[in-house]
Amino acid sequence: MEPQNNKDLKSLESLETLPQEILNQDALLKNAEMLLDTMLDFKELMLVYSCAIKEIRTKLEILNKEFEVKNSRNPISSIHTRLKSQTSIMEKMARKGFAFTRDNIENNLNDIAGLRVICSYIDDIYLIADALTSQDDIELIEKKDYIENPKPNGYRSLHLIVTVPVFFSDITKIVRAEVQIRTIAMDFWASLEHEIKYKKHIKNPEEIADKLKKCSDVISYTDSMMQSIRSEIDNTPGESSEEDIIFEKLKRYDKSLGE
């Protein structure tokens, strides 16, 4: 039957193109669904690492509270946490030559979950590191001691790669995390060095690097001296009366067990 007018002709053309439009819509919906699945999968992965940070932070806070009650002193000054951004993860995966998949991320990146522990003294660093890694559910994967062996630019810190179990309603995930432990002075230097390193158009980079290295040496000497002074005071014998002993025990008892 021939079309009677232009209106009938347009209707016929519309019917002929309808299947292709449907196919295009189906493809668009499938692509959107795949994209959403990828985004949700990544969000679930980040939840796993976020929970790992909470698990390790809780362990560190418990250790700090334990030493406070037992020794009347906190070895940890502060704890900072960081969850690696999606952009940083993609950049690092690209540098390593891996495709951006969940399996590749979990198997090849150790620092998505990061904790930075700041201590007052050098020996506190090793005290906390040993106490953390000796726990039954913490496994030490890798240890890099940049305090004993500083980086050429003067960077000092103790780096631990550990695994911790994270318990969900239907599964237990073993998650890797990086724990950096350093003194207040080391953290001060590292923060400023990081800020300066990303400044553009530095006219004298070698001179700046040399000055930063000298600052690091001064900070290292200061850390060592403060450690020595504290050890000297702690090891100085002194006579304590029964009254002093009682008051010291009362101080320990009065230590708050809350947040």
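Only the coordinates and a few stated rules stand behind these numbers; no lab work does. Here the structure is a predicted model, which means the values were calculated and not measured. In this analysis, Cβ positions are derived from the backbone assuming ideal geometry, glycine residues included, and neighbour counts consider all displayed protein chains.
Tell me, how many Å apart are the Cα centres for the range 93-131 and for the range 147-226? Measuring centre to centre over Cα atoms gives 12 Å.
Couplings 3J(HN,Hα) for the range 96-106, derived from phi with the Karplus relation 6.51 cos²θ - 1.76 cosθ + 1.60 (θ = phi - 60°), are 7, x, 10, 5, 7, 10, 4, 4, 5, 4, 5 Hz, where x marks Gly and Pro.
Taking amide hydrogens as placed 1.01 Å from N in the peptide plane, the amide H of Thr81 sits under 5 Å from those of Arg116, each at least 5 positions away in sequence or on another chain.
Pairs to check: Lys151/Lys211; Lys151/Lys213; Lys96/Lys213; Lys92/Lys203; Lys54/Lys173. Give those whose C-alpha atoms are more than 18 Å from each other in this structure.
Going by Cα-Cα distance, Lys96/Lys213; Lys92/Lys203 fall outside the 18 Å limit.
With contacts taken as Cα pairs under 8 Å and at least 6 residues apart, the range 88-236 reaches a relative contact order of 24 percent.
By the count of other C-beta atoms within 10 Å, a proxy for reagent exposure, Ser72, Ser120 are ordered fewest to most as Ser72, Ser120.
Each peptide in 203-215, 172-184 was scored by the mean count of other Cβ atoms within 10 Å over its residues; highest first, the order is 172-184, 203-215.
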